[in-house]
Structures are given as C-alpha cells and as structure tokens.
C-alpha cells in the first residue's frame, strides 16, 4: 500500500487516512493506496465498516493538476479515466458501509471520491465543490453522473458550470452530505459507519434511479443552463461540455453516461482552453516568488493603515483594508470631500448588503474601521500609508514630502499612481527605501490585482511586506519595475492606440467593443473608458504633453481629448464614447457624433476609411500587447511572461481561457506574431517595430515559455 494512505482498525471500523500534504491531492500513489485499502477493509474480519478521511486540514482538495500535463492525446485521457472509473466502482462495490468523513474541502476529484462512497459526513465548516471548469475541464471521475443522482440536475449544473464551493449545510440540504458531525469528525464518522453496518445499509449513488419527473425537470434545467452560458461563457467550451455530460446522465444508463463524460473530459483536457487555465493556475502561484527576494525575508504584519485621498480610488482602497479587518484612516483636504467619499463607500456597502453578501451588522462593523480625517493626526501610528490623490506629479511629490515627516521611519509609503515615476515620490519622502507603488485597479475593493511597483531603492523587506499584505487584502500581488505606466498601463497604451486607430480607419466603437467582448473580455476598450472616466486618461495625457512624452509610439488620436473638452467623461456625465440614459446610468446607445469625429480625424490624417473585419481588430490589438510585452520582459520590468498574463487576467479581464496575452501569443505561434508586426510596419509605419526579444525567440524556434509552448 502507498505510504500516502494509512490503514488502521478503530472500534471495529477500518479507518483509511489519506496523508499527502498539504492538501491531500489525488496523485497516482494516493489513488492506488485508496483502492488497496478499501479492498483490504472489505476482506478484513476485524472491520464491520469503513471510514475514509484526510489527514491535516482537509479531506481531498482535488486531483494533482500536473497529472493532466501527461495526457497528450485524447486516447491517453480515455485510457487513464477508464482505470479511474473502474477504481471508483470497486470502491462503491465495497461489501461494508463506506463513509467519507469530510473536513476542510472536498473539491473536484475529492468530491468524486466521496460520491463513490456509500455515505458522506462532514464538519459544519466543510465545503464541497466541482471546480474543474475553472481549469477548462469537466468532472472526469463520475461527477457529472453521480452528482445529479444525489442532488438533482439543477444543483449539479450550478456547481459544475460555476465551479463555486458549497457549504456543508447547503450540501446536506441538497442530498450530497448525509450528516453533519458536531464535535470530533473521526469519532462521529465511526459512530455513523457503525450505525449503517448495524442496519446493513449500503447506498450506491450510481444506482439511484431518477423518476420521469426528475428527468424532465433536469432536462429543463439543462436548457436553462445552455441559454445562460451563451451570455456568461463566451468563447469557452468546458461549461458547455459539463452541460452535455449531465444531459447524457439524464438520458442514458450510468455506464453509458460515464463513457460520454470520459469522452467530453478527454476533449477538454487536451484543449488550448484547459492548457491556458492550468497555465494561469500555476502562474498565480509563481508571482509571489520574486527572484532576488528570499523566502525568509522579514515581512511586517500590517495592523493599521491610512489612505490619503477619499475619491473613487481612495475610498475603494479604504474599503479593501476595512474588508480585511484592518483599521484605516481616510484623509482628504476638507470635510466636504470626506463626506462625499464616505457617502460613496456607504452606497457600495448598501449594494453589497442588498445582494445578501453582508448583513447590516457586518456593514456597520466594517464602516467603523474607516476613520475619516482632514489632518495627519494618527499617521504616526500606522504601518502603511497609501497615497491616492490626483494623478499629478507636483501634488504627489508634495504629499510624499508631508508623509515623510508625519509617519514612523519604518512605515511603508505606497503610491496608487497608475503611471508616474515612483522614484520621484521616493526622493521627496526623504526615505526612499520605504517607498513603492501599490497600483490598485478600479474598483479597488473588487478587482483582485495589486501591481507592486519597485523603486530604485525600495528595500526587500518592504517588497516582502507588500506581498504578504496583498494576500491579507485578498489581492494577487505582482512585483513590477518602475517604468512609465509600469506593466499594466504601459501595455494598455498600445492596446488603446490600436483601438483608436481602428476607429479612425473605419471600425465603429460598438464593433470594436463587441469583437473584444466576444473574444472574452468583460468589456471593450470604449466601454472600459466610459466606466473609468475619459477625464482620467485626459489628465494623464496633459501631464505627459507638459514633459514632452506620449503614452505609446505612433499616431495619437485627438478624439479622446475632444470628448474631454466637451465634458463627455463617460457614464458619470451621461455621455462619452456612448450616450447614456442619465449620468451614472449603465444603459447606453451608440452616438452618431463619434462617427463624425472619426471621419474628421481620418480626413485630417489623410486616411481613406474602409470596412474592417472583426479578425483584424483582434489581430492588431493582441499583437500590439504581445510585442510590447516582449519589450517589458526584455527590459526587466516583469520577471516572467506569466506575471504579465496574471496582470492582464486580473487587471483587465483578459479572457482566462486564452491564458493571458503572452500565452495567447504562444498559442498562435510567435512566428505568426512577428509576421504580423512586420506586415503592420509595412502598411502603417515604422512605429510598428518588432521587439528584439520577439525576433530572438522566433529565430531560436521558441515561445515565451518553452519550445513546446509554440503552437500548443
């Protein structure tokens, strides 16, 4: 038997303990150990029942994801899953009551193992789920067949298409869990197993028969799920495959449904979609590993914070700290500004409460952690200050000079600047080792990305503290270098350049936004600007103009600045790239004015407007991102290509099933990307210049990740 699975007899019950830290992942030796242990228990005269339990803090948190990389072909997957399905049927055919004892998480393959047991008990704080869709696959070990028999098709569809875990109490109500243990889990599971042995009760999920009414209700749920996925899963295959597998289970006997599940799983696991999502899964775990920051670098525990600026970003950052249970001072220049900021925060929490995600008591408790102030009183007690004033160099320099005087010498001083030079603020503070950028994304209390911008003199312990803090705030922290726009907005400038030029050349605002949302982005470039505020970008451009810079090489469209001068800032003013029903409304319609401005801009630049294919829009924009991403990598402003992919997945909603702009470029083949850059250079001008790293990788036949990454 595998060393990762232990066997012992306790009070007449065979206890099988999975001990594969940290999360008891289902590696091949674990599967083998469970199989052997259940067979041993069935034959052991000393055991009247069997309990399967996980050591440590969890039951089984899923399969070992690295195993999926070994499945190179559909046939590889079918062969492996045949063995897994047979193993689970052997478990289910155990001659003695087999009880899964769940604490922590039973996710993915972990829940499928539990469903192959005759009964399931759990602690009240346990969670169960089928999150495979988040990796571009479907439950491949009977989950789409047993779960609908236990919980009904509607709940199974929700769990398998959304990938969200379900709390123990809800799982019990659904029929997934049979009993909640109050007290010691193992003792409770043994007692439960003995009671089933005494009653000679065994229940096999695969043998549960669905009535005609249940099947009909299930098929209605299948149709509803398909309709919903047309809106929520654009460009993705795995959620639709889940629905197909569950539908097969409703229409066919268990064994036939299981074969269909295996076929659909095999198609998914070798797909680019699954490779992309698995890539991001591991990339997210890599970002915290900064090459020159050792694991044992001291990291402070942030217990009190302050935010300077109570506007949209400052208020959202204050909420982020309060949501994490960290008391925060929120400073602005006068009481009126504070009142506006606090009113916005209150409205945000009221919306959260109206959705049932917070209680009134929780809202009040969280609001109480935010202390408004118009002075620097108390700033000498905080561990970190986040500056969130207007994107103006002089104002930010002045703010950091003040912070250097009113905070403790060991306090971290962070700027939420989205573009400006962090080293300028560091010099102004008088303590550059404590200064860095904490670039939150709007809305700061929702978006998961935190760009941690390293200044020239930022100390390693401040970086380590920031990474630790990001986790505490529920953010994904990515360390980047200090260049204009850092990584996110530096690359975004090239994305927007192409969007503007495509508009002038003949595409429409609504076409460009539609194409990119169909590609998988949550919002197109123009919708994004209307949400963020056209005035934000305009003020940055004004500053750049004052110092003789532009955001990206190449022609710069005048249309955004024209809209700014008209007072069309987007949703907040009722007009921007689109017209809105009213200021603050989300209901938008195309505005003929934009077409007029585009025609004027084209005439000014001597461009003959033309119909532009959807494919060209995607190609131009993704090529611009990949080419500039290659420069960012070569210049050392991002440590890894995967860091860029995480930034774009979490900061801008680049479709996860495409893996991020760098992974997506690899799937196209970097030779294709380079050819496009060269073609665009010939068509549009020298500002389309291939990044040297891109040329180098193509010459060597490699991708951003590895030789095998090209044309996956």
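Quick look at the values:
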item: Packing-based ranking, highest mean first, of 363-371, 581-589 given that Cβ atoms within 10 Å are counted; result: 363-371, 581-589
item: Pairwise label distance in nanometres, residue 600 with residue 423, each label 7 Å out on the Cα-Cβ vector; result: 4.1 nm
item: Near-label residues of the range 248-272 by backbone N, under 20 Å of a point 7 Å along Cα→Cβ of residue 39; result: none
item: Calculated mean projected area of the Cα convex hull in nm² (choose from (i) 40.8; (ii) 43.4; (iii) 33.1), label; result: (iii)
item: Those residues of the range 113-129 whose amide nitrogen sits under 17 Å from the label point placed on residue 228, 7 Å along Cα→Cβ; result: 129
item: Contact order normalised by residue count of the range 129-233, Cα under 8 Å, 6+ apart, percent; result: 30 percent
item: Order of 60, 452 under a 10 Å beta carbon neighbour criterion, fewest first; result: 452, 60
item: Rg followed by Dmax, in Å, when the range 391-546 is reduced to its Cα trace; result: 17.4, 56
item: In degrees, nearest ten, helix 74-92 long axis to first principal axis of the chain (Cα); result: 50 degrees
item: Inter-label distance for residue 198 and residue 347, nm, one decimal - labels placed 7 Å from Cα along Cα-to-Cβ; result: 6.2 nm
item: Pairwise FRET efficiency - residue 93 versus residue 187, Cβ, R0 = 30 Å, nearest 0.05; result: 0.65
item: Cα-based helix-to-principal-axis angle, 393-406 vs the chain, degrees rounded to 10; result: 70 degrees
item: Relative contact order, percent, the range 313-414 [alpha-carbon distance under 8 Å, six or more residues apart]; result: 30 percent
item: Label point at residue 508 placed 7 Å out along Cα→Cβ; residues across the range 604-619 whose backbone nitrogen lies under 13 Å; result: 611-612
item: Ranked by how many other beta carbons lie within 10 Å on average, peptides 639-648, 66-75 from highest; result: 639-648, 66-75
item: Sites residue 173 and residue 79, calculated FRET efficiency, Cβ-Cβ separation with R0 25 Å, nearest 0.05; result: 0.05
item: Where labels lie 7 Å past Cα in the beta-carbon direction, separation of residue 561 and residue 635 in nm; result: 2.2 nm
item: R0 of 51 Å, Cβ-Cβ distance residue 65-residue 211: FRET efficiency to nearest 0.05; result: 0.85
item: Euclidean distance of C-alpha centroids, the range 214-280 and the range 12-37, integer Å; result: 29 Å
item: Principal-axis tilt of helix 335-354 within the chain, Cα atoms, nearest 10 degrees; result: 30 degrees
item: Relative contact order (%) - criterion: Cα under 8 Å, at least six apart; region: the chain; result: 9 percent
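FYI, it's all coordinate maths here, none of it is from the lab. It should be emphasised that the depicted structure is a prediction, and the values quoted were computed from it without experimental measurement. As a convention, Cβ positions derive from the backbone with ideal geometry for all residues, glycine included, and neighbour counts pool all protein chains shown.
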